[in-house]
Amino acid sequence: MDADPGGRSAGRPGRCRLSLKVRTRVAAALLVSLACSAGEPSIGGAWSVVDVPARSDPPTPARRDLRRRVNGRSILVASFVGRARYYEPDCVAFEQSRTATPSRDAFREIDYVCGDRSPASVAVVSTRGVRFDPDGIRPHPGVLMNASPGPGRGLVPREFVPLADLRVLADREELNPRAATAMVHQVNGVVTWTLFTAIALLVLVVLIYRRRYGLGRH
C-alpha cells in the first residue's frame, strides 16, 4: 500500500531544479536592485547626486545631476550641480553652474530646493566657495556673497543665510513639472487598478448570481 519510493525520489530532483531556478531569479533581481541603488548614491532622504558621463550622440558634456525619487520614479531636479548637502526634513542646498564648461563663473549660484518644488536661486558668490553649515550657508573667507533677504526681494550682501530664510524662499517655488508628471502616473495607475478590480468584482457577482439562478430553475 506504500507509495513507490522510486516515484518519491524521482520527484525530488525536479523540486531541486525548480528551487534553483527560483533562487537564481531572486539573486538576479537583488543584483539588479543593488546595481540601480549604487548608480544613484543617496545624499539623504529621497535625494541623490549622479555622475553622468559625456555622450557623443547627441553631444552632451559630463555632468552631475541632482535627482529625487517620487512615487518610485527617479526624476531630474537640476543638472550641472557641484557640492550638495541634504537638510531635514526634505531639502537640499547645492552649487549650480549655468555653464556646461568649466570657467570662473561656474558654480557661483547657490540653489535651495524642498520636496517636489522647483529649486530656488538663493545666493550668488563672487567666486566658487560656500559652506553648507548645519544652520545655513556662509561664504568662505575672501568670497563675497549676495543673497535674497526674502521672497520678491533683490540680492543684497550677506555673510550668512539661515535655514529658515532658505526654506521660505524654497516654499515659494512652483511644483516641479517632472514631479507632477510622476504623481499623475501614480494616480493613473491607482485609477486603472481600481477600475480593473471593480470590473472583476462585478463579473464575479454576475457569475455567482447566474449560477445560483440556474441551479434554482432546475
Could you tell me how many of the residues in region 81-136 are among the β-branched types (Val, Ile, Thr) and farther than 19 Å from residue 43 by Cβ?
5
The listed residue being touching a Cys at 6+ places or on another chain (Cβ under 8 Å), aliphatic (A, V, I, L, M) and in contact (Cβ under 8 Å) with a residue 24 or more places away in the chain, out of 81, 70, 49, 113
113
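Only the coordinates and a few stated rules stand behind these numbers; no lab work does. Everything numeric here is computed off the predicted structure, so don't read it as measured data. Ideal geometry is used to build each Cβ from the backbone, glycine not excepted, and the neighbour counts take in all protein chains shown.
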